[in-house]
Amino acid sequence: MKRAGTWIKICATTSLRDARLAIEAGANALGFVFAPSPRRIDVEAAARIIAAIGGESEAISVFAQERDRESSAGGTLVRN
């Protein structure tokens, strides 16, 4: 359930199952970590998830280096 006036992002999405659960729980956005992290996801896997959710939620890419922007799977880019 989405609340009026509250915007929710769930970060470190690594599976389509988790993405769907987050959306069902009311997330407005899903975060995909491309920066070095135990929660990092590869570009191809993130792109598959983003394609599968079909615009149900905004996708936000988190990266650490400027060069990583070119390898993002799509969505809004956020520098860590």
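The values are calculated or read from the model by the stated rules, or taken from the named source; none is laboratory data. Fair warning: this is a prediction, and the values are worked out from it, not measured in the lab. Quick reminder, even Gly has a Cβ in these numbers, built from the backbone with ideal geometry, and neighbours come from all protein chains shown. To get the accessible areas, we keep the full protein, side chains included, count just its heavy atoms, and leave off ligands, DNA and RNA. Shrake-Rupley method; radii C 1.70, N 1.55, O 1.52, S 1.80 Å.
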Which one of these does residue 57 not meet: (1) in contact with a Leu (Cβ under 8 Å, 6 or more places away or on another chain); (2) at pLDDT 90 or above; (3) open to solvent by 40 Å² or more (accessible area, probe 1.4 Å)? (3)
Within region 27-44, residues being in contact with a helix residue (DSSP H, G or I) (Cβ under 9 Å, 6 or more places away or on another chain) and in a helix (DSSP H, G or I) number 1
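For (1) exposed (fewer than 11 other Cβ atoms within 10 Å of the Cβ); (2) in contact (Cβ under 8 Å) with a residue 12 or more places away in the chain; (3) out of contact with any Cys (no Cβ under 7 Å at 6 or more places or on another chain), each residue gets a yes or a no:
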| residue | (1), (2), (3) |
| --- | --- |
| 13 | no, yes, yes |
| 18 | no, no, yes |
| 24 | yes, no, yes |
| 28 | no, yes, yes |
| 39 | no, yes, yes |
